[in-house]
Amino acid sequence: MVAALIQAAGRRTEPPADAYRQVLDAAMTALREKSRRRRERSWLIGAAAAGIAAVSVMLLLQRGEVSLQPRMATVVRTIGAVELRSGERWKPLVESGGAIPAGTSLRTLAGGGAALSLGDGTSLRLAATTEVQFDGPRHILLRDGMLYLDNRASLGTGFRIGTPLGTVHDIGTQFEVRVADGMLRLRVREGHVEIDRAGERLTGGAGEQLEIDVLGGVTRSMIGTTDPAWRWAETMAPAPDIDGRPATELLAWVARETGRRLRYQSPDVEQRAATVILHGNIRHLAPLAALDAMLATTDLEYVLEGDTMEIRARTE
Amino acid sequence: MADLVHVDRAVARRILGGDEAAFREMFDRFFPRLYRFALARLDGDADTARDIVQQTFCNAIQRLDGYRGEAALYTWFCQICRNVLADHFRKRGRGVARVVLLEDQPDARAILEALAAPVSDEPESRVWRLQVRRLVEATLDALPGNYGDVLEWKYLDGQSVAEIAQRLGLGPKAAESQLQRAREAFRVAIADLASASDELMGTLGRSPG
């Protein structure tokens, strides 16, 4: 019976030789990359065990008192559980304000989030269950999850976001990158963003969403600058220090964070906003909530119309 | 099976340690089987099957640290391949279950009917024979070690036990023993697939193999 069945079925299908070659090449590349990363990790462990002096330096590094690496970022705000790793082990990030040296990884757990300052006024935000590594100046590796980057720098000083499915380059813009379920998703809120993927270059403009799957398929769609999908990044926005500052600064911040164009009802209203000096702080308030709280004490009000936020003189 | 799992875990550790020869040996064993696994679920789309298997290997390498040896390594690869296929179908708005294979459904009574039916040129008969062919392919691919190859060498190439022993680098008695275990594994695998069919079980029980 065994013989009869096998003979009736015939020889099994052989894969084409070119498919064998292509898949083998890709798999060997992936294997060598993984081996390289494992060697680097092993080297770090060995270095850490080299002597008491090295251990002492590591302890100081963990406390943030000494850093042998240039500072890549500063943690501005955290929500829920956030952990960092500068060697082999993950450790809870207990407070904001810590410097992140090059080579450090940061991850948010379920329900968590983090906001970091990357210098030049650039803000990086991590959604829940996200892991990034700060590889070097203006180079971040997104291993998993979702990040939002608001880069206010001038043209030509953008960031590179490495992902398993391609590298994202920004040029002074606001955008979101998500890596999950074998898919890279890019949402551009302002400016332009490029993606390099296996030698192919894709560009996404403001209001565009690109989804790239593991097989290289690209799906484009539109997403408004005020779409509720941006809400998580707004919630994580680090609030500026507005105490003693004119209302125009707060209004500009809220407009940018909510993806809206700022418009004044009249030159007089704009002049009035410039002379209103705010007092207090808006820490941990989302942009619109901060605006509600601060304008309540002034004779100004705002109206949202599509993607525009208009500032008017209070009428009541 | 416990020994096989243990061996696979050792293989995974060697690969993780950078042993490219161990990886090539594993790749050569798994690639044709995974390719057929994907091809059968993609309506014969060879290009997509190649891409799916490529992604399967890349994903598996990334996650190899997480392989604990609870299942055979090939079974673990098949599960990753299923996930890559599911992603592929979902992104194209196609249901995963559009291609229903005999080895994917518990009731294999149809196998018996196909085997018992006289050879015919009717389209329906050809479809069933293709299904049977696919079932035998899948069963051979699912057998542990090189049992599938041994059975093909014996029953398709007509090689003697001595010739098989030479290919395996074994003595004649060890080769005969391996051939016997391969036959038994194939018989058990087919019987498991066709567990709903008393007739087939009976046939297998009566057959000398």
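Can you find a residue in segment A:307-316 that is touching a helix residue (DSSP H, G or I) at 6+ places or on another chain (Cβ under 8 Å), among the acidic types (Asp, Glu) and surrounded by fewer than 15 Cβ atoms within 10 Å (Cβ to Cβ)? No, segment A:307-316 has no match at all. The number of residues in segment B:11-22 that are within 9 Å of another protein chain (Cβ to nearest Cβ) and surrounded by fewer than 15 Cβ atoms within 10 Å (Cβ to Cβ) comes to 2. Would you say residue A:202 is under 12 Å from the mean Cα position of the chain (by Cα) and assigned to a strand (DSSP E or B)? No; evaluated as a whole, the condition is false for this residue.
Selection within segment B:61-80: residues that are under 18 Å from the mean Cα position of the chain (by Cα) and part of a helix (DSSP H, G or I). The member of this set that is farthest from the other protein chains (Cβ to nearest Cβ) is B:75.
Criterion first (within 11 Å of the chain's Cα centre (by Cα), within 14 Å of chain B (Cβ to nearest Cβ) and among the acidic types (Asp, Glu)) does residue A:131 satisfy it?
Yes, satisfied.
Just to be sure I understand the filter: pairs with C-beta atoms under 9 Å, separated by 6 or more residues or on different chains, first member in segment B:23-49 and over 13 Å from residue A:16 (Cβ atoms) and within 9 Å of another protein chain (Cβ to nearest Cβ), second member basic (Lys, Arg) and surrounded by fewer than 18 Cβ atoms within 10 Å (Cβ to Cβ). Which pairs pass? Note: pairs meeting the criteria are B:23/B:14.
Just the residues that are in a helix (DSSP H, G or I) and of a type outside the set (S, T, N, Q), please, taken from segment B:81-94.
Let us first name the residues in segment B:81-94 that are in a helix (DSSP H, G or I), namely B:81-91.
Of everything in segment B:81-94, those that are in a helix (DSSP H, G or I) and of a type outside the set (S, T, N, Q) turn out to be B:81, B:82, B:84, B:85, B:86, B:87, B:88, B:89, B:90, B:91.
Identify all residues within segment B:132-163 that are out of contact with any Gly (no Cβ under 9 Å at 6 or more places or on another chain), free of Cβ contacts under 8 Å to residues at least 40 places away in the same chain and either more than 9 Å from chain A (Cβ to nearest Cβ) or assigned to a loop (DSSP other than H, G, I, E, B) (or both); write none if there are none. Result: B:147, B:149, B:150, B:153, B:157, B:158, B:159, B:160, B:161, B:162, B:163. Scanning segment A:105-120 for residues that are surrounded by fewer than 22 Cβ atoms within 10 Å (Cβ to Cβ) and polar (S, T, N, Q), we see that the one that is modelled with the highest pLDDT is A:105.
Please verify whether residue A:308 is among the polar types (S, T, N, Q) and at pLDDT below 90, treating the condition exactly as stated. Answer is no for this residue.
Scanning segment A:55-73 for residues that are outside any helix (DSSP H, G or I), away from chain B (no Cβ under 14 Å) and at pLDDT 85 or above turns up at least one hit.
Within segment A:204-239, which residues are small (Gly, Ala, Ser) and within 14 Å of chain B (Cβ to nearest Cβ)?
As a first pass, look at segment A:204-239 and keep what is small (Gly, Ala, Ser): A:204-207, A:216-217, A:221, A:224, A:229, A:233, A:237, A:239.
Residues satisfying the conditions are A:216, A:217, A:221.
Conditions (1) touching a residue at least 12 places away in the same chain (Cβ under 8 Å); (2) in the same structural domain as residue A:133 (by TED's automatic domain parsing); (3) closer than 30 Å to residue A:302 by Cβ; (4) surrounded by fewer than 17 Cβ atoms within 10 Å (Cβ to Cβ), marked per residue:
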| site | (1), (2), (3), (4) |
| --- | --- |
| A:174 | yes, yes, yes, no |
| A:188 | yes, yes, yes, no |
| A:201 | no, yes, no, yes |
| A:248 | yes, no, yes, no |
| A:251 | yes, no, yes, no |
| A:256 | yes, no, yes, no |
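With respect to (1) modelled with pLDDT under 85; (2) exposed (fewer than 14 other Cβ atoms within 10 Å of the Cβ), the lone exception for residue B:168 is condition (2).
The values are calculated or read from the model by the stated rules, or taken from the named source; none is laboratory data. Everything quoted here is computed from the prediction, not taken from an experiment. Using ideal geometry, Cβ is built from the backbone for each residue, glycine included, and neighbour counts are taken over all protein chains shown.
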